[in-house]
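**Q** Before anything else, here's the structure in question.
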Amino acid sequence: MMKIKLWGVRGSIPCPGPETVEFGGNTACIELRVGDTDRLIILDAGSGIRKLGEHILKHDIPKGPLKTQLFLTHTHWDHIMGFPFFIPIFIPGTEIDVYGPVTYEDEGLDKIIGDQLRYRYFPVKHSELSAQFRYHPLKEGTMDLGDGLFVTTKYLNHPILCLGYRFEYKGRAFCTAYDTEPFRNVFPTDPEAPGYDPEAASEGEAAAREENEKVLRFFQDADLLIHDSQYTKQEYLSSKLGWGHSPFETAINSAHKANVKRLLLFHHDPNRTDDQLKELLSGYREQVQGKTDMKIEIAQEGTEIILQ
């Protein structure tokens, strides 16, 4: 059995307030529990990890020292900003293995994460923390995490290296795909455009198509997919190309093509209100009615999903 709980579902920056209270204003953090032992895996350390830390303090720490794994999709601020406020890092006996991609080889995860905990930013230095940390840079591949749990990583399309994760346990699969947008040809395709090169244009189209097909294979037959949907198609095409985030339409179409059973639309724009999210969901559900059996939902803080 895999249990997934959402602690943060927003993108870019926390946005608390009356217009975001229903779906939540914290940035990305997901709790994954696996098996009868309730093994804990954490995905991303956005501002939502603070409340997860409080939950762990009440429900896990009384059973003994916390030993867990934190998987970061990437190191942009909204996905790591909650780390200094994660209570277990101040408790002796805590052990955390931190995994994630690194864009610049001269700065490892330890430096990127650790630099948040410097006196110029925070009153406690990383070296003063009571917890023990081990940092593991990741590339594409599959890892055996023990206890019958496997994770496969896939590079996504974002301004820095970003990984999607596919966790598989006893025949169930849970995927993440954020922050990402469709791969596209970056070479001019108009013969009249400056710098047009027919060979480059053709190769660019083939490369983008191949990468998008790889992403679909990564999603294939997943029981649950949590996918970036920060923009509508109109917003994306008008001014957001290259920002590294997907339209709702891309998330829904990709999940449908990959035979995903349940889709959670995630990484909500900080300016998107609860009412707007509900209106968008209603519209998209109406558009696909009768065309797919896939369950489509808006990611909401506090949501718990059990795959068994």
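**Q** Step by step: first the residues of segment 258-290, then only those that are of a type in the set (D, E, K, R) and under 20 Å from the mean Cα position of the chain (by Cα), then the one that is farthest from Lys214 (Cα to Cα). Which residue is that?
**A** Looking at the filtered set, the residue picked out is Arg272.
**Q** Same structure, new question: Of the conditions (1) farther than 28 Å from Gly108 by Cα; (2) over 22 Å from the mean Cα position of the chain (by Cα); (3) buried (at least 16 other Cβ atoms within 10 Å of the Cβ), Arg209 fails just one. Which one is it?
**A** (3)
**Q** Any idea how many residues of segment 194-240 are without any contact (Cβ under 8 Å) to a residue 60 or more places away in the chain and outside any helix (DSSP H, G or I)?
**A** The total comes to 12.
**Q** I need the full set of residues from segment 265-276 which are in contact (Cβ under 8 Å) with a residue 60 or more places away in the chain and either in contact with a Leu (Cβ under 6 Å, 6 or more places away or on another chain) or buried (at least 24 other Cβ atoms within 10 Å of the Cβ) (or both), in order please.
**A** Within segment 265-276, Phe266, His267, His268 meet the criteria.
**Q** So which residues in segment 97-127 are in contact with a helix residue (DSSP H, G or I) (Cβ under 7 Å, 6 or more places away or on another chain) and within 25 Å of Asp144 (Cα to Cα)? Write out each step before concluding.
**A** So the first thing to find is which residues in segment 97-127 are in contact with a helix residue (DSSP H, G or I) (Cβ under 7 Å, 6 or more places away or on another chain), and the list is 98, 100, 102, 113-114, 116-117, 122, 126.
Val98, Gly100, Val102, Ile113 - these are the residues of segment 97-127 that are in contact with a helix residue (DSSP H, G or I) (Cβ under 7 Å, 6 or more places away or on another chain) and within 25 Å of Asp144 (Cα to Cα).
**Q** Could you identify the single residue in Arg118, Arg33, Arg134 that is part of a loop (DSSP other than H, G, I, E, B) and surrounded by fewer than 18 Cβ atoms within 10 Å (Cβ to Cβ)?
**A** Arg118
**Q** Out of Pro101, Pro84, which single residue is of a type outside the set (S, T, N, Q) and over 23 Å from Ile4 (Cβ atoms)?
**A** Result: Pro84 is the single residue among Pro101, Pro84 that is of a type outside the set (S, T, N, Q) and over 23 Å from Ile4 (Cβ atoms).
**Q** Picking from Pro182, Pro191, which residue would you name as being part of a loop (DSSP other than H, G, I, E, B) and either farther than 27 Å from Ala299 by Cβ or modelled with pLDDT under 95 (or both)? Working first, answer last.
**A** On the way: Pro182 fails: either farther than 27 Å from Ala299 by Cβ or modelled with pLDDT under 95 (or both).
Only one candidate qualifies: Pro191.
The values are calculated or read from the model by the stated rules, or taken from the named source; none is laboratory data. Just so it is clear, the model here is predicted, and its values are computed rather than measured. When we count neighbours, we look across all protein chains shown, and the Cβ atoms used for this are built from the backbone with ideal geometry, even at glycine.
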